[in-house]
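Take a look at the structure below.
The values are calculated or read from the model by the stated rules, or taken from the named source; none is laboratory data. Keep in mind it's a predicted model, so treat the numbers as computed, not measured. Here the Cβ is made from the backbone with ideal geometry for all residues, glycine too, and neighbour counts use every protein chain on show.
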Amino acid sequence: MDQVFVIGDIHGEYEMFQQVLKYFQPEKQQLVLIGDLNDRGPKSKDCWLLGMELVEKYQAVYLRGNHEQYFLEFMEKPEDWFPSYLYNGGKETIESLLHKGATDEYSPTEIAMMIRSRYRSLVSFLSERPFYYEWGDYLFVHAGIDLTKNWKETSEFDFLWIREPFHEGKNRTGKTIVFGHTITPMLYDDMQTTSLWESDGKIGIDGGAVFGGSLHGVVFDTKGIVQDYELPNEHGPWQPDF
């Protein structure tokens, strides 16, 4: 493939996901999903099923995000993880998999059992998602890497969760690191700029779509960014509500 087409954090914004895919050219582009297809937004189930379909049909690379991880932790230990998962956007995911009001109706254990019985293949698919993808001089990862060691020794936790130490650390990897997880309005420190963020061989592509920001579909070739498709969320004003 001559190019990579990478899509930022989707968080249940299914219509935006479909819209950005119109720009994807499968005959010449490797598709990469940066993770966090679920939670917060209304249509996590649809986003996940589309993610699975893209992996199957186009050998897309679907990276694990901290929200996929949150869901898997909840499925493993529902009683322990339920309050924090709900607080971090899991209520919307559970309701999209089951039905509205399910989180009030059933115990965490019952919810996990119902999801597992109805979506066995989806749960096992999510548990197989990789933590990073290398393409030439590029490294695609959900949150970032540990810049204090050989990047391949980054802990699973840091691949999914790291913020400031990665954003502010010195990139000596020789790679351009493309990541999501931290919304670009936070990286710009102005809570409003949704453009791509670039610094020291690091490119942040999470425009905060679910918060009324934008979804990025970015095309790379071996030389750099070829095109950035930035789709604004038309459902409402910017609300950095987390």
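Worth a mention:
- Across region 35-52, a minimum of one residue is classified as under 18 Å from LEU215 (Cβ atoms) and free of Cβ contacts under 8 Å to residues at least 24 places away in the same chain.
- Given (1) touching a Pro at 6+ places or on another chain (Cβ under 9 Å); (2) over 22 Å from PHE125 (Cα atoms), number of the condition GLY101 does not satisfy: (1)
- Any hit, region 124-135, residues being farther than 27 Å from VAL218 by Cβ and buried (at least 20 other Cβ atoms within 10 Å of the Cβ): no
- For region 95-118, filtered to residues that are under 20 Å from the mean Cα position of the chain (by Cα) and touching a residue at least 12 places away in the same chain (Cβ under 8 Å), the residue that is surrounded by the most Cβ atoms within 10 Å (Cβ to Cβ) is SER96.
- Leading residue by the ranking (surrounded by the fewest Cβ atoms within 10 Å (Cβ to Cβ)) among those in region 149-185 that are over 17 Å from LEU139 (Cα atoms) and in contact (Cβ under 8 Å) with a residue 40 or more places away in the chain: PRO185
- Residue match in region 40-58 (condition: at pLDDT below 95 and over 13 Å from the mean Cα position of the chain (by Cα)): yes
- The lone exception for ARG40 - which of (1) assigned to a loop (DSSP other than H, G, I, E, B); (2) closer than 21 Å to VAL219 by Cα it fails: (2)
- So PHE157, is it out of contact with any strand residue (DSSP E or B) (no Cβ under 8 Å at 6 or more places or on another chain), closer than 22 Å to TYR62 by Cβ and of a type in the set (Phe, Trp, Tyr): yes
- When the helices (runs of 4 or more DSSP H) confined to region 139-242 are screened for residues that are of a type outside the set (Lys, Arg) and in contact with a Pro (Cβ under 9 Å, 6 or more places away or on another chain), those reaching at least 2 such residues are found at 184-187.
- Check on PHE179, within 23 Å of VAL55 (Cα to Cα) and modelled with pLDDT of 95 or more: yes
- Residue list for region 165-211, filter: among the acidic types (Asp, Glu) and more than 22 Å from ASP39 (Cβ to Cβ): GLU168, ASP189, ASP190, GLU198, ASP200
- Under the condition of being under 9 Å from LEU126 (Cα atoms) and in a loop (DSSP other than H, G, I, E, B), the residues counted in region 57-71 number 1.
- Residues of region 25-54 that are in contact with a Gly (Cβ under 7 Å, 6 or more places away or on another chain) and either of a type outside the set (A, V, I, L, M, F, W, C) or surrounded by fewer than 18 Cβ atoms within 10 Å (Cβ to Cβ) (or both): GLY35, ASP36, ASN38, ASP39, ARG40, GLY41, PRO42, LYS43, SER44.
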